[in-house]
Amino acid sequence: MQTEQNETMKTKIITLLTLTSLAGMALAAPQTFDFKDPKGVNNAVFKLDAPLEAINGSANGISGTVTFDPANPAATKGKILVAASSLHVPNPMMQGHLHGDQWLDVANHQDITFEAKSSSNVNTTGDNTTADVTGTLTIKGLAKEITVPVKFSYLKDKLGLRVPNQSGDLLVMRANFVIKRSDFGINPKAPEDKVSDTIDLTLSIAGASRR
Amino acid sequence: MKNTFRILAITMVVTAAVTWLATGANRGWTKTSVATKTTDVVTGIDGFTYEKRFVAGLDFLGATWLGASLLAGVSFLFQNKHINNHAN
């Protein structure tokens, strides 16, 4: 009788421990964040500051997914896409040139993509992580490996505050980096005093992981 | 006719200057949309929405003034009525 009770207790403890460890694994598991923003706030800002002319604009056609593990941010992977046709400048003639075949050739290259492959210099303080993310940036069909300093902010259970009737977590990613126009065949013949070869990019995006 | 062209040229110059001043005296390129910044309170991200609005730039001033100069130039092709009467 005593032995039978001991066995039952033993089974219960093992089951409890198994469930607890499974729950722990589920909580620590990497989450996939969807960056298609229903509020349309996600954006990428670009600036080309040449001595004779400055070109400033933004893009909001952002999508893609990122797998982020709050317990192991170094393992972050994912792909962010920017719809090339969503790049906007306030001057209509400039906008036409920007989308044209000399510049981004939007008709043939619909997306600008960045695919994250590895992270280094990862530092986490509370819910914020900074890391140098290395990945492949593809613009106008030309791919180049670059390293981008990214700040991740993990906002647990904050999705409901942003999108009513939904629960889940948010991941905010901010990055500011520089690329060269000539590396991606963007209007390569343009003189640098009129169109800067340096493009300053600022990415501010938030992704949602629904439950 | 001569005076008509000249009055038209002056009207163009004045209208362009007034439009440029009234839309904010923008010293850059002409804009047909203006960005409005909105901050998402949860994420802190500054988002941009564009509203359609005409903001005249220096290119607008230059183009209208060039047009006005052409009109003023054309006015010199027409002879003065008074001089014609003398010639006859």
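Figures for the structure shown
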item	result
Square roots of five times the Cα gyration tensor eigenvalues for chain B, Å	47, 9, 7
Whole-number D in µm² s⁻¹ for the protein assembly as shown, Kirkwood Cα-pair radius fed into Stokes-Einstein, 20 °C, 1.002 mPa s	91
GNM top mover of B:LEU77, B:LEU21, B:LEU61 - chain B, alpha-carbon springs below 10 Å	B:LEU77
C-alpha long axis of helix B:2-22 to longest principal axis of chain B, angle in °	20
Distance between modelled label sites at B:LEU77 and B:ARG27, nm, 7 Å Cα→Cβ extension	3.8
Sorted by Cβ density within 10 Å, fewest first, the residues B:VAL42, B:VAL74	B:VAL74, B:VAL42
Cβ-based exposure ranking for A:ASP49, A:ASP37, in which fewest neighbours within 10 Å come first	A:ASP49, A:ASP37
Charge sum, other residues only, whose C-beta stays under 14 Å from A:LYS117's C-beta, Lys/Arg counted +1 and Asp/Glu -1	0
Degrees separating the helix B:58-75 axis from the principal Cα axis of chain B, which is the longest one	10
Surrounding net charge for A:ALA84, when Lys and Arg each add one and Asp and Glu each subtract one, Cβ distance under 9 Å	-1
GNM result for chain A, Cα springs below 10 Å: residue of A:VAL163, A:VAL106, A:VAL122 fluctuating most strongly	A:VAL163
Exposure proxy ranking, count of Cβ atoms within 10 Å, fewest first, for B:ARG27, A:ARG174, A:ARG210	B:ARG27, A:ARG210, A:ARG174
Nearest-ten-degree value, helix A:2-28 long axis tilted from longest Cα axis of chain A	10
Subset of A:LYS77/A:LYS194; A:LYS151/B:LYS52; A:LYS39/A:LYS79; A:LYS77/A:LYS180 violating a 30 Å alpha-carbon distance limit	A:LYS77/A:LYS194; A:LYS151/B:LYS52
Debye, to nearest 20: dipole size of region A:29-210, +1 on Lys, Arg Cβ, -1 on Asp, Glu Cβ	380
Computed FRET value (nearest 0.05) for A:ALA75 with A:LYS144, which takes r as the C-beta separation and R₀ as 22 Å	0.40
Computed over region A:49-125, Cα set: Rg, Dmax in Å	16.7, 48
Globularity index of region A:124-211, i.e. its alpha-carbon radius of gyration over 2.2 N^0.38 Å	1.44
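Only the coordinates and a few stated rules stand behind these numbers; no lab work does. The structure presented is a predicted model; accordingly, all values stated were derived computationally and were not measured. All Cβ positions, glycine included, derive from the backbone under ideal geometry; neighbour counts span all protein chains shown.
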